[in-house]
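What follows is a single structure, written as structure tokens, with notes after it.
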Amino acid sequence: MVSEELTREFFHTGDERLIRKLSEISQVISYKRGEEIYAIGEPYTHFFILIQGLTYTYFCDEQNRFITNCFFSRKYDFLNIEAYDKKASVGMKVLMDTEVYAVPIQAALAAVKELPGLAWEYANYLQKAMIYLCVVNNRRMYYSSDQRYHWFCEKWPQAVSLAGNRQIASFLRIRPESLSRLKSQLKQCDSGNEALANILVTKDLQWDYMDIKQIMEKKENAEY
């Protein structure tokens, strides 16, 4: 059971019966880093909406390698990306302490009979999730490898340090070796920018010193 105030945050409906029902059947679940929200091959038991944290979905390719599918970090992200009545073909794990708003599927299905607005709420969340995945796939398809990595760093800055190199590389659809090179190039670029900034600061100080020296010399000459 959760508070009606929290439920209103996640479901913008004027149907107070629906708010009360969702508050009654739902719960807030906390996960620690490395824990699984749902696993490949298991039936879905809940609809999950992110409150806070960082999660990622993954699947296995033909060679049984784990491939990162997507990251989720925004509040209100819908974490179910498949039909709820089938076994999961993807899994989801958390990269940092995470909280989700969880709605049990069977209880929700039973409630839909008297509260059809719940189906619209589910459809709205699912539509947003599909649009989100389309945008992510579009970036992966049309961005160059370095553009993809810069986009990833801006979009999920926490994942840069929390996710493994292979996780990030598989998500970006590049080889781990290529990712390592990109990281190295970016680090060298940052170091170069920092060195340039230090040089400019030193020059500024030097110019300030020369101005002050000239003023003092003029003052001394005037006094004599």
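Summarising the amide proton neighbourhood of ASP15: residues at separation of 5 or more, or on other chains, whose placed amide H is nearer than 5 Å comprise an empty set.
Per-residue 3J(HN,Hα) values for region 102-112, derived from phi via the Karplus relation 6.51 cos²θ - 1.76 cosθ + 1.60 with θ = phi - 60°, read 10, 10, x, 5, 4, 5, 5, 4, 5, 6, 4 Hz in sequence order (x marks Gly and Pro).
Over 25 Å apart at the Cα level, from the set LYS32/LYS155; LYS21/LYS75; LYS155/LYS187; LYS128/LYS183; LYS87/LYS155; LYS21/LYS128, are LYS128/LYS183; LYS87/LYS155. As a proxy for reagent exposure, ranking THR45, THR98 by other Cβ atoms within 10 Å from fewest up yields THR45, THR98. Amide H contacts for ILE37 (H built 1.01 Å from N in the peptide plane; partners 5 or more residues away or on another chain; cut-off under 5 Å): MET92, LYS93, VAL94.
Close amide H pairs (under 5 Å, H built 1.01 Å from N) link HIS46 with ILE105, residues at least 5 positions away or on another chain.
Note: relative contact order over region 4-174, using C-alpha pairs below 8 Å and six or more positions apart, is 27 percent.
Is region 21-111 rounded, prolate or oblate when judged by the Cα gyration tensor, a ≥ b ≥ c being the square roots of its eigenvalues, rounded requiring a/c under 1.5 and prolate requiring a/b larger than b/c? The shape class here is oblate.
Rounded, prolate or oblate for region 4-174? Axes are the square roots of the Cα gyration tensor eigenvalues, ordered a ≥ b ≥ c, and the cut-off for rounded is a/c under 1.5.
In terms of gyration-tensor shape, prolate.
Just so you know, all these numbers are worked out from the coordinates, no wet-lab data involved. On a predicted model such as this, the values are computed, not experimentally measured, just so you know. Heads up, the Cβs are rebuilt from the backbone with ideal geometry, glycines too, and the neighbour counts pull from every protein chain shown.
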